[in-house]
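Trainee: Mind having a look at this structure? Questions to follow.
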Amino acid sequence: MIKKITFILILTVSVVRAQAPTVGLLFSDSNVSEGYTLFSPEVNNSVYLINNCGEKVNEWTFTEFPGATCYLLENGTLLRAGKNKLEIRGWDNTVLWNYEMNANGLNQHHDIEPLPNGNVLCIVRDSYSNTEIIAQGKDPLKVDQVIDLDKIVELKPIGTNQAEIVWEWKFIDHIIQDYDSSKANFGVIENHPERIDINYVDSNIESLDRGYTHVNGIDYNANLDQIIISARNLNEIYIIDHNTTTAEAAGHAGGYSNLGGDLLWRWGNSRVYKQGGVEDQKLFSQHDVKWVEPGYLDEGKISVFSNGSDQTRAYSTVHLLDTEISGNTYTKENNTFKPLDFNWSWSGDILEKPMYETIKSGAHSLPNGNFIICQSSLGQVSEITKAGEHIWTYKNPSGNSIFNQFDNISQNFNPIFRAEKYSSNYIGLSGKDLTPRGFIENENSLSSACATLSVAQIEIDNIRVTNPVTGHVLKFNQKIELDALRIIDINGRVVFSSKNFSNDHALINTQSGFYLIEFEKEKIIKRIKIIVN
């Protein structure tokens, strides 16, 4: 018999309301991916980690508003960008490290990216005066008093409140122009797709005098040692080499690709380097560019959220695209970088409304190929399948104050810049207390029904396996007792099966590669993709 634990079954009023929830969990399908969602409301100091039932499993409280993203690191700590400083906090909210960015001359904005070595990549705004930028070949008629170009800074945390800049890359070092032949960066723009035309103008840039590049997203690929960034106002995404010194990053040679800090690849708006027209533009004010993680269904592809704010289409789109590399070079066709089009795209309705955000927002891929979508102005996070099926939505109940259930929330009163979903077997959650701690809002009937879980479900959710599997030995984070364990290869064949499984296990005669490991207890099944080295 399956015992039940009911976490929340409290009726706060005597009248049962039939009204659908307006905050917290709004919709949940049984096919929702296992995991926990992390988000930082834009207009308060909190960070929340919630389960699929919309219950809070942890909360961190900071001293300033976000600026704007946060990440749960593999060691279980939280890295957050605030308005003025970066911080790392423990699971218990203890401050482990903080660094005053603005006080040290670093105007960090939008996104950060934690690196495997413990360092942090930051998007930093550099401002140039009218005189400085004209000296770089900018047409005086295309510049206001100040222009902002971004740079990427790699910070190494030191002690509890210090940091060292160990690497740096700047847009200003990689511009080209065909306006002033007396300048060193004068050249034929269409012959140099590895550089940025400082005089390119379209409606995005004209409407935003200062923000020329407006980088709003950054990601790192450890296998390639490359960085990808999203430049919203140019409607392009770029890949640069991280395998350079700072001196090489400022030049045009060196690094793994021997291009120094020049662009290795660019995509989204080939007009910027005079290799296409309006009809060739693919991205529109995009955000949240990422490589799909190793071991995921779409491993190695690039995901991006295209806002679509070109005033001709009132919808946003989530895209996947697949680059092509020959040796160390990203390939081109007809002088534009491949691919010629998206690998996969989705735009549609969520809760019977078109998914459309003119600013901010984002999306990222999950291990099974599903996508988490964050609609910033609505404070809403949803999951869709690759087939376009909507299977989960949560609405942030936290603004300047906590909203009550059935409150009417106006747009931009509960915004979230970004949300991240972590699988149940994410290493950063190993050993953490994930016991639900109630809702953020005052009540939620949908969450209450979802939160009645069996003991077996709780036990199986807490199982973690060392991944990748090394030495052909399955190792678990705890002693486990299962009714059955099965290992399935990529052809769907069961290569190992055991009943009443309770120990680590040597995978005899199992070849290296990808497998699906399946746990079963009291008819509840959990599946995890593993790599056997």
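Trainee: Restricting to the stretch 203-215, what's the tally of residues that are at pLDDT below 95 and either outside the structural domain of I147 (by TED's automatic domain parsing) or assigned to a strand (DSSP E or B) (or both)?
Mentor: Summing the residues that are at pLDDT below 95 and either outside the structural domain of I147 (by TED's automatic domain parsing) or assigned to a strand (DSSP E or B) (or both) in the stretch 203-215 gives 1.
Trainee: Next up: Residue check, N412 against (1) modelled with pLDDT under 85; (2) in the same structural domain as G90 (by TED's automatic domain parsing); (3) on the phi > 0 side of the Ramachandran plot, all met but one. Which one?
Mentor: The single condition N412 does not satisfy is (1).
Trainee: Then there's this: Quick one: count up the residues across the stretch 400-430 that are over 17 Å from the mean Cα position of the chain (by Cα), in a loop (DSSP other than H, G, I, E, B), more than 24 Å from N368 (Cα to Cα) and not charged (D, E, K, R).
Mentor: The qualifying residues number 13.
Trainee: Which number in (1) among the polar types (S, T, N, Q); (2) at negative phi; (3) part of a loop (DSSP other than H, G, I, E, B) marks the one condition that T393 misses?
Mentor: Of (1) among the polar types (S, T, N, Q); (2) at negative phi; (3) part of a loop (DSSP other than H, G, I, E, B), only one is false for T393: (3).
Trainee: Now for a separate question. Would you check if S257 is assigned to a strand (DSSP E or B), of a type in the set (G, A, S) and assigned by TED's automatic domain parsing to the domain that holds L366?
Mentor: No.
Trainee: Please find, within the stretch 321-354, the residue that is farthest from L378 (Cα to Cα) out of those that are outside any strand (DSSP E or B) and small (G, A, S).
Mentor: In this case the residue turns out to be G327.
Conditions tested, residue by residue: (1) of a type outside the set (A, V, I, L, M); (2) free of Cβ contacts under 8 Å to residues at least 24 places away in the same chain; (3) more than 30 Å from F519 (Cα to Cα).
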residue: V23; (1), (2), (3): no, no, yes
residue: Y36; (1), (2), (3): yes, no, no
residue: F39; (1), (2), (3): yes, no, no
residue: V43; (1), (2), (3): no, no, yes
residue: S46; (1), (2), (3): yes, no, yes
residue: N51; (1), (2), (3): yes, no, no
residue: G54; (1), (2), (3): yes, no, no
residue: F62; (1), (2), (3): yes, no, yes
residue: F65; (1), (2), (3): yes, yes, yes
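Trainee: Considering each of Y238, Y179, Y220, Y200 in turn, give the residue that is in a strand (DSSP E or B), of a type in the set (F, W, Y) and in contact (Cβ under 8 Å) with a residue 40 or more places away in the chain.
Mentor: Y220
Trainee: Please enumerate the residues belonging to the stretch 342-374 that are aliphatic (A, V, I, L, M), at negative phi and either crowded, with 22+ Cβ neighbours inside 10 Å or out of contact with any His (no Cβ under 7 Å at 6 or more places or on another chain) (or both).
Mentor: Within the stretch 342-374, M355, I359, A363, L366, I372, I373 qualify.
Trainee: Which residues, taken from the stretch 133-152, are within 19 Å of N107 (Cα to Cα) and surrounded by fewer than 22 Cβ atoms within 10 Å (Cβ to Cβ)?
Mentor: Residues satisfying the conditions are Q145, V146, D148, K151.
Trainee: Let me ask something additional. Within the stretch 77-105, how many residues turn out to be farther than 22 Å from F39 by Cβ and loosely packed, with under 14 Cβ neighbours inside 10 Å?
Mentor: 4
Trainee: Of (1) crowded, with 22+ Cβ neighbours inside 10 Å; (2) small (G, A, S); (3) at positive phi, A249 satisfies all except one. Which?
Mentor: Condition not satisfied by A249: (3).
Trainee: I would also like to ask the following. Can you pull out every residue in the stretch 20-41 that is under 22 Å from the mean Cα position of the chain (by Cα) and of a type in the set (V, I, T)?
Mentor: V32, T37
Trainee: Let me ask you something else. Looking at the structure I just gave you, is D197 buried (at least 17 other Cβ atoms within 10 Å of the Cβ), under 16 Å from Q281 (Cβ atoms) and modelled with pLDDT of 95 or more?
Mentor: yes
Trainee: Tally time: how many residues in the stretch 61-70 are surrounded by fewer than 22 Cβ atoms within 10 Å (Cβ to Cβ) and assigned to a strand (DSSP E or B)?
Mentor: Summing the residues that are surrounded by fewer than 22 Cβ atoms within 10 Å (Cβ to Cβ) and assigned to a strand (DSSP E or B) in the stretch 61-70 gives 1.
Trainee: Does any residue of the stretch 172-189 turn out to be farther than 19 Å from D126 by Cα, modelled with pLDDT of 95 or more, in the same structural domain as T329 (by TED's automatic domain parsing) and surrounded by 19 or more Cβ atoms within 10 Å (Cβ to Cβ)?
Mentor: Scanning the stretch 172-189 turns up at least one residue that is farther than 19 Å from D126 by Cα, modelled with pLDDT of 95 or more, in the same structural domain as T329 (by TED's automatic domain parsing) and surrounded by 19 or more Cβ atoms within 10 Å (Cβ to Cβ).
Trainee: Moving on to the next point. Report, by residue number, each residue of the stretch 267-295 that is over 20 Å from S203 (Cα atoms) and crowded, with 20+ Cβ neighbours inside 10 Å.
Mentor: Selection gives D288, V289, K290, W291, V292.
Trainee: Condition first: hydroxyl-bearing (S, T, Y) and in contact with a strand residue (DSSP E or B) (Cβ under 6 Å, 6 or more places away or on another chain). Now tell me which residues in the stretch 85-113 satisfy that.
Mentor: Across the stretch 85-113, the qualifying residue is only Y99.
The values are calculated or read from the model by the stated rules, or taken from the named source; none is laboratory data. What you see is a predicted model; the values in this text were computed from it and never measured. Positions of Cβ are generated from backbone atoms using ideal geometry, with glycine treated the same way; all protein chains shown enter the neighbour counts.
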